[in-house]
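So the structure is just underneath, and the comments pick up after that.
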């Protein structure tokens, strides 16, 4: 999936726990089921936070990658 395939994008770089999750939660709720949200974050806790968020909410974590200290997550609205 490319970044352009996501319906919404959230740049949470520079924010620390719990802000990336809180902002992602708000953003994904504005989407329709099946639409995807791309999140960029640089908080070292973000990978485990987004895995836990996905399990807790049921929104599938479709992608989880890291490049140059920036984490990229793609969540799908359930």
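With the convex hull of its Cα atoms as the shape, the chain has an orientation-averaged projected area of 4.4 nm². Could you state the angle between the C-alpha long axis of helix 19-29 and the longest principal axis of the C-alpha atoms of the chain, as a value from 0 to 90 degrees rounded to the nearest 10? For 19-29 against the chain, the angle is about 10 degrees.
With both partners inside the chain, how many of the DSSP beta bridges are antiparallel, as a percent to the nearest 5?
Working: 12 of 16 bridges.
Given both bridge residues lie in the chain, the antiparallel proportion sits at roughly 75 percent.
Which whole-number percent is the relative contact order of segment 12-60 (Cα, under 8 Å, 6+ apart)?
Details: 33 pairs, mean separation 22.2, N = 49.
Answer for segment 12-60 is 45 percent.
Each label was represented as a point 7 Å from its Cα along the Cα-to-Cβ direction; for residue 19 and residue 65 these points are 2.6 nm apart. Maximal additional length on extending the residue 52-residue 32 stretch stands at 5.1 nm, based on 0.36 nm per residue less the C-alpha distance. Helix 46-57 axis versus longest C-alpha principal axis of the chain: approximately 30°, rounded to the nearest ten.
Coordinate-derived values only; no laboratory data. Keep in mind that what you see is a predicted model, and the values were worked out from it rather than measured. Glycine gets a Cβ as well: all are built from the backbone with ideal geometry, and neighbour counts include every protein chain shown.
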